[in-house]
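Step one of this worksheet: look at the structure below.
The values are calculated or read from the model by the stated rules, or taken from the named source; none is laboratory data. Remember, predicted model here, so these are calculated numbers, not experimental data. Glycine also receives a Cβ, built like all others from the backbone with ideal geometry; neighbour counts cover every protein chain displayed. With ligands, DNA and RNA removed, areas are computed over all heavy atoms of the protein, side chains included. Shrake-Rupley method; radii C 1.70, N 1.55, O 1.52, S 1.80 Å.
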Amino acid sequence: MYSQVLQWFLIICALVFIAIIFRLLVLQKLNLKYSLCWLIFSFAMLLIAIFPKVVFRIAGCLGIQTGANAVFLLIEMFSLLIILTLTVIISHMNRRIYRLTQILGIIEKQIRELNK
């Protein structure tokens, strides 16, 4: 178990992180559909900071000996989720760019034909 000072520090960090995400949403620097993973992560971080015994129960259920290892596992799983989400976004944007390039080529060809 960790100290009250650390617990309050983690709660404050989680709240600041949530505030930053909402600020980025308000400023439209972060799209809502892409921010859902970050919001889920930040609320999970807040819950773990408020109820630290959850980590030890998760560790016990998974057969992990220490809570710190469970935290590292959860962070790794979140990192993989973020990487997968970003890969999907990049793939989607890549298809859109390819399609836009084709449309631009067709339009340029039509403009050249009209100028002749």
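Tell me which of these residue 30 doesn't satisfy, since it passes every other one: (1) part of a helix (DSSP H, G or I); (2) at pLDDT below 90.
In the conditions (1) part of a helix (DSSP H, G or I); (2) at pLDDT below 90, residue 30 misses (1) alone.
Can you find, within the stretch 33-49, the residue that is most open to solvent (accessible area, probe 1.4 Å) among those that are farther than 20 Å from residue 73 by Cβ and either part of a loop (DSSP other than H, G, I, E, B) or free of Cβ contacts under 8 Å to residues at least 40 places away in the same chain (or both)?
So, considering only residues that are farther than 20 Å from residue 73 by Cβ and either part of a loop (DSSP other than H, G, I, E, B) or free of Cβ contacts under 8 Å to residues at least 40 places away in the same chain (or both), the one most open to solvent (accessible area, probe 1.4 Å) is 33.
Which residues, counting only those in the stretch 58-75, are part of a helix (DSSP H, G or I) and open to solvent by less than 100 Å² (accessible area, probe 1.4 Å)?
Hits for the stretch 58-75 are 58, 59, 60, 67, 68, 69, 70, 71, 73, 74, 75.
Could you tell me whether residue 32 is over 13 Å from the mean Cα position of the chain (by Cα) and closer than 30 Å to residue 88 by Cβ?
The answer is no for residue 32.
Of the numbered conditions (1) in a helix (DSSP H, G or I); (2) in contact with a helix residue (DSSP H, G or I) (Cβ under 8 Å, 6 or more places away or on another chain), residue 12 satisfies every one except a single condition; which is it?
Of everything listed in (1) in a helix (DSSP H, G or I); (2) in contact with a helix residue (DSSP H, G or I) (Cβ under 8 Å, 6 or more places away or on another chain), residue 12 misses just condition (2).
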